[in-house]
1. So if I check each of SER132, SER98, which one is within 25 Å of ASN55 (Cα to Cα) and either surrounded by 12 or more Cβ atoms within 10 Å (Cβ to Cβ) or not assigned by TED's automatic domain parsing to the domain that holds GLY172 (or both)?
2. Could you grab the pairs with beta carbons closer than 7 Å, sequence gap of 6+ or different chains, first residue in segment 243-272 and free of Cβ contacts under 8 Å to residues at least 12 places away in the same chain, second one in a strand (DSSP E or B)?
3. Could you check segment 174-219 and list, in sequence order, the residues that are within 17 Å of HIS292 (Cβ to Cβ), hydrophobic (A, V, I, L, M, F, W, C) and surrounded by fewer than 17 Cβ atoms within 10 Å (Cβ to Cβ)?
4. I'm checking my understanding of the structure. Among residues of segment 218-247 that are at pLDDT below 90 and not in a strand (DSSP E or B), which one is farthest from the chain's Cα centre (by Cα)?
5. Going by what's in this entry, would ASP110 be described as touching an Asp or Glu at 6+ places or on another chain (Cβ under 9 Å), on the phi < 0 side of the Ramachandran plot, among the charged types (D, E, K, R) and touching a residue at least 12 places away in the same chain (Cβ under 8 Å)?
Amino acid sequence: MLVAVLMVFVIFSFTGVAVLNVSYLSSSTSAETVDNIKLQYAVESSINQSLWRINNGPDSLINMNIDGITTEFDPVLNTLCVSVDKFQMESEILLDLSEDTHFDRALASDETIEINGNEPDIDEENRSRNFSFMPEVDLDYFMDNAVAVHSNWFYRWDGDSEHEHDEAFAEGIHVFTGSFIELKDMDLSNCTLVFTGRFVFFSNSNHINAPIPTDSADAMPALVFTNPDNHFLVAAEGTQYEKEDVINGAIYTAGTIILKKGELSGPIIGKTISLENDFGYTNNIRFRDTEHPWFYRWTAGFREKSHYDWPKQIGRWKTTKWNKKNQNT
């Protein structure tokens, strides 16, 4: 009987020790989980604060070392390093802050992008974005590199006319300084058209193709409108509205561009961009952004890319350290 009682006490002792051990391990695991959550919160908060600072002031504001949190920005590699040494934990995350420009977006504006209920078929990577500023047109660049400067007013260039084909519409940059001008049925390849006046119209079907950039070179735009009072319309004409423009290359306007029907590669950059329905039908602008990815890069004629303080966004990121610190150290 005594042996049986002693065995019961031994069993209860082992059970008690096991329960205490489980309780300790559970408590330890729970505490470690809490520390992990705290660390994650500290890291995410530091990243958010750093992105706010870098997009709202000089990049140097991001470099800080406060209360166990260190943030450093490398302007050469364009990377942000966030290190946290808190809660008996230490972590380090390296983020690639890719520069997001107007020319990386199918539709970009610093004022208005009106979709009007339409859903443009744009790849998610090239989705629309509003910026706080517009790129600056370097008109001297276009004038200095132009193959022709057209000063005509109240003039029509007609691609069906033999005279127009004989005129100087060679490949390259063409600058138009007049107002009340029209391009009708023009088919131009490897061309950039720059308009400084008002009342510029495209009629029937115009096919404008900007040069395709080689390797990592800057792209060339297809159309540039420098006058803020100009309204440019991409629509359809003809008896059955079968005639439309096909424009491959960036379109920039300091004024307004209205998109109704046609085929565009993008990017489209404008003070005011409006997708409107045409002839009672839904919007018939067909974006071909994924078929022309080479135009989604920095574009010549808008100063150097480094001239601007671009908004930063997270591209790729890598966790280089996430450890529990040695309690004996």
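1. None of the others qualify; the one that does is SER98.
2. Correct list of pairs: empty, since none qualify.
3. ILE212, ALA217 - these are the residues of segment 174-219 that are within 17 Å of HIS292 (Cβ to Cβ), hydrophobic (A, V, I, L, M, F, W, C) and surrounded by fewer than 17 Cβ atoms within 10 Å (Cβ to Cβ).
4. Filtering segment 218-247 down to residues at pLDDT below 90 leaves 235-244.
Now narrow it down to the ones that are not in a strand (DSSP E or B): 235, 238-242.
Numbers: ALA235: 26, GLY238: 36, THR239: 39, GLN240: 37, TYR241: 33, GLU242: 33 Å.
Within segment 218-247, the match that is farthest from the chain's Cα centre (by Cα) is THR239.
5. Numbers: touching an Asp or Glu at 6+ places or on another chain (Cβ under 9 Å): no; on the phi < 0 side of the Ramachandran plot: yes; among the charged types (D, E, K, R): yes; touching a residue at least 12 places away in the same chain (Cβ under 8 Å): yes.
Answer is no for this residue.
The values are calculated or read from the model by the stated rules, or taken from the named source; none is laboratory data. Keep in mind that what you see is a predicted model, and the values were worked out from it rather than measured. FYI the Cβ positions are ideal-geometry reconstructions off the backbone, even for glycines, and counts take in every protein chain you see.
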